[in-house]
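Trainee: Here it is: the structure, laid out below.
The values are calculated or read from the model by the stated rules, or taken from the named source; none is laboratory data. Everything quoted here is computed from the prediction, not taken from an experiment. All Cβ positions, even for glycine, are placed from backbone atoms using ideal geometry, and neighbour counts span all protein chains on display. Side chains are part of the model used for accessible areas, which takes the heavy atoms of the whole protein and leaves out ligands, DNA and RNA. Shrake-Rupley method; radii C 1.70, N 1.55, O 1.52, S 1.80 Å.
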Amino acid sequence: MAAITSSYITAFLLGLFSTVHCIAMCGSVIGALTLSLPKEVRESQRRMLPFVFNYNIGRILSYSFAGIIVGLLSTPLTQLNAHWILRILSVIVMIAMGLYLAGWFPKFARAERMGAPLWRWLQPLGQKLLPVRKVSQAFFLGMVWGWLPCGLVYAALAVAATAGDPVKGGLVMLSFGAGTLPAVMGAGLFTGMLAALGRSPRLRKAAGLLIILMALATLFWPMESMHEHHAMPDHQHPMQG
């Protein structure tokens, strides 16, 4: 159980430590979505909260779907006992993300182009949901938003791949989404107040270093492997005899 839980904790902390990136990137997105709401809704945080909440629930649900897909695709590697390859790849991607967030590896931004073809297909669907007038529109628009190309999401998907299972991959991305929730929800409700934080070089460097340290820690932090799945049947053979 501890090995499985470590993937969830890593994903949650990845989302949490990347607060400044979420505010800088997703803050502008949710700010634009908020401006599409009726004036009477924008002027009341109480009335705006359900819309902002549903934007984010839709976004996190899409993350979970992506985690399910990655978990399914990575299953053959774990069945071949190549789990350590997935772990090393996830560490490399997280370190690259940390360096990028700190401003030391700007070329990592090129990785975000991987999702551009899918986004070009989905973006028109999102535009059809504007302007937002109903909470249900906010939810479905959030689902589209969840597929926006983002290096941070790709780093989380690398962690999800280490789960080697569709359900657990989805839960890893759910944990990641939960980690990003405070920052993005806050950006939606207090856009102006948090925008300066997202541009702070010191905070970005601190967040980047935290992600790098966390990535290095995962090399020594047990994660789920196929050996654990096979351990139980091996010990049962004497009883079967």
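Trainee: Could you list, ordered by first residue, the pairs with Cβ atoms under 6 Å in which the first is in the range 204-219 and aliphatic (A, V, I, L, M) and the second is surrounded by fewer than 19 Cβ atoms within 10 Å (Cβ to Cβ) and assigned to a helix (DSSP H, G or I), at least 6 apart or interchain?
Mentor: Close Cβ pairs (under 6 Å, with a partner that is surrounded by fewer than 19 Cβ atoms within 10 Å (Cβ to Cβ) and assigned to a helix (DSSP H, G or I)) amount to Met214/Leu13.
Trainee: One residue is enough: does the range 51-69 have a residue meeting the conditions open to solvent by 40 Å² or more (accessible area, probe 1.4 Å) and at pLDDT below 90?
Mentor: no
Table: residues versus (1) at pLDDT 90 or above; (2) of a type outside the set (A, V, I, L, M, F, W, C); (3) part of a helix (DSSP H, G or I).
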site: Tyr154; (1), (2), (3): yes, yes, yes
site: Ala158; (1), (2), (3): yes, no, yes
site: Leu194; (1), (2), (3): no, no, yes
site: Lys205; (1), (2), (3): no, yes, yes
site: Met214; (1), (2), (3): no, no, yes
site: Met223; (1), (2), (3): no, no, no
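Trainee: Scan the range 94-149 residue by residue and report those that are open to solvent by less than 30 Å² (accessible area, probe 1.4 Å) and of a type in the set (Asp, Glu).
Mentor: Scanning the range 94-149 gives no hits.
Every residue, every condition in (1) modelled with pLDDT of 90 or more; (2) over 22 Å from the mean Cα position of the chain (by Cα); (3) part of a helix (DSSP H, G or I), yes or no:
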{"residue": "Arg110", "(1), (2), (3)": "no, no, yes"}
{"residue": "Ala116", "(1), (2), (3)": "no, no, yes"}
{"residue": "Leu130", "(1), (2), (3)": "no, yes, no"}
{"residue": "Phe139", "(1), (2), (3)": "yes, no, yes"}
{"residue": "Gly142", "(1), (2), (3)": "yes, no, yes"}
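Trainee: Take the range 153-190 and flag every residue that is of a type outside the set (Gly, Ala, Ser) and within 10 Å of Gly15 (Cβ to Cβ).
Mentor: Val153, Met173, Phe176, Thr180, Leu181, Pro182, Val184
Trainee: Which of the residues spanning the range 5-19 are open to solvent by less than 10 Å² (accessible area, probe 1.4 Å) and hydrophobic (A, V, I, L, M, F, W, C)?
Mentor: Ala11, Leu14
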